[in-house]
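Everything below concerns the one structure shown next.
Derivation of every value follows stated rules applied to the coordinates shown; laboratory data play no part. Since we're looking at a predicted model, the values are computed, not measured. Neighbour counts run over all protein chains shown; Cβ positions are idealised from the backbone, glycine included.
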Amino acid sequence: MVKQLFATIASLCMLIMALLMAQPAASHHSVWAEFDNNRPMELRGRFIEMDWVNPHSWVHLEVTAEDGTKTVWAAETPPPNQLIRLGWRRSDLQEGDEIVVSGFAAKNGTARLWARDVKLVAQNGVMLDEPRTVMALFDPNPNGIPAGVLPGRK
């Protein structure tokens, strides 16, 4: 009887230890769980700010509709380390710059989108001769990372 009690207590302790050691698995959702790849959109607006945070950064811009109403949109982007690898720097966009964000609308109808690319089109109210790509997920930024910033890059 003592052996059986000891075995039961030992089994219970092992089970408790296993439960305490188990950590929730970190999972990452698909972009397409939140955003609709059948609803591409392009927004032109005034850059407000950028949240350089994990797991995804956010570009906030104010878009003026044809009727004059203004809406603040949030465009989700990759995390900061990936943005830097794509050539984006915190100083690339300043408050008030005019930008164009292309991406895919949120499935829930909110003023959010997944940013596929971000282009700077005007600074200080002056149109650039050509839009400057700040981020392009499917087409690397040709003016991206200078040589030597990342190991092994030539």
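Annotations for the structure displayed:
- Gyration tensor verdict on segment 35-136 (Cα atoms; rounded if a/c is under 1.5, prolate if a/b is larger than b/c, oblate otherwise): oblate
- Sequence-ordered 3J(HN,Hα) estimates for segment 77-91 from the Karplus curve with 6.51, -1.76 and 1.60 and θ = phi - 60° stand at 10, x, x, x, 4, 6, 4, 5, 5, 7, x, 7, 10, 4, 7 Hz, glycine and proline given as x.
- Scalar couplings 3J(HN,Hα) for segment 115-132, obtained by applying the Karplus form with A = 6.51, B = -1.76, C = 1.60 to θ = phi - 60°, are 7, 8, 7, 10, 10, 8, 10, 8, 10, 6, x, 9, 5, 6, 4, 9, x, 9 Hz; x denotes Gly and Pro.
- When both bridge partners sit in segment 35-136, DSSP labels roughly 90% of those beta bridges antiparallel.
- Highest mean packing comes first when the peptides 97-104, 30-37 are listed by Cβ atoms within 10 Å, giving 97-104, 30-37.
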